[in-house]
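Step one of this worksheet: look at the structure below.
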Amino acid sequence: MTTEELTIEVQKALDEIRPFLESDGGNITLISIEEDKHVKVRLEGACTNCSVNQMTLKAGVETTIKKFAPQIETVVNIL
């Protein structure tokens, strides 16, 4: 998968999870993909101060991204 294809797949994953975040007043933005295996995102809105945002990041966002792009190893939230 090329870097461009990988970016498209990660965006598809974020588009799939975005409605769930928006329903709680949050959102997510792709910041970067490094070495084609490390994704940096920014949780926004209500997700910024949410006490379960790390669980959301791991259980929801990371799992969904890996479903679309299995080669992704890590997903981190950048403040």
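The values are calculated or read from the model by the stated rules, or taken from the named source; none is laboratory data. Note that the structure is predicted; figures quoted are calculated from it, not measured. FYI the Cβ positions are ideal-geometry reconstructions off the backbone, even for glycines, and counts take in every protein chain you see.
A few points about this structure:
- Meets criteria (part of a loop (DSSP other than H, G, I, E, B), over 9 Å from the mean Cα position of the chain (by Cα) and modelled with pLDDT of 90 or more) for ILE72: yes
- Selection within segment 6-54 - of a type in the set (Val, Ile, Thr) and under 11 Å from the mean Cα position of the chain (by Cα): VAL10, ILE17, ILE28, THR29, ILE31, ILE33, VAL39, VAL41
- Screening VAL39, VAL61 for residues that are part of a helix (DSSP H, G or I) and either modelled with pLDDT under 75 or not aromatic (Phe, Trp, Tyr) (or both) leaves exactly one candidate, VAL61.
- Candidate set: segment 12-33, residues that are surrounded by fewer than 16 Cβ atoms within 10 Å (Cβ to Cβ), in contact with a strand residue (DSSP E or B) (Cβ under 7 Å, 6 or more places away or on another chain) and touching a residue at least 12 places away in the same chain (Cβ under 8 Å); chosen: the one farthest from ILE78 (Cα to Cα): GLY25
- THR3 vs. criteria hydroxyl-bearing (Ser, Thr, Tyr), under 11 Å from the mean Cα position of the chain (by Cα) and at negative phi: no
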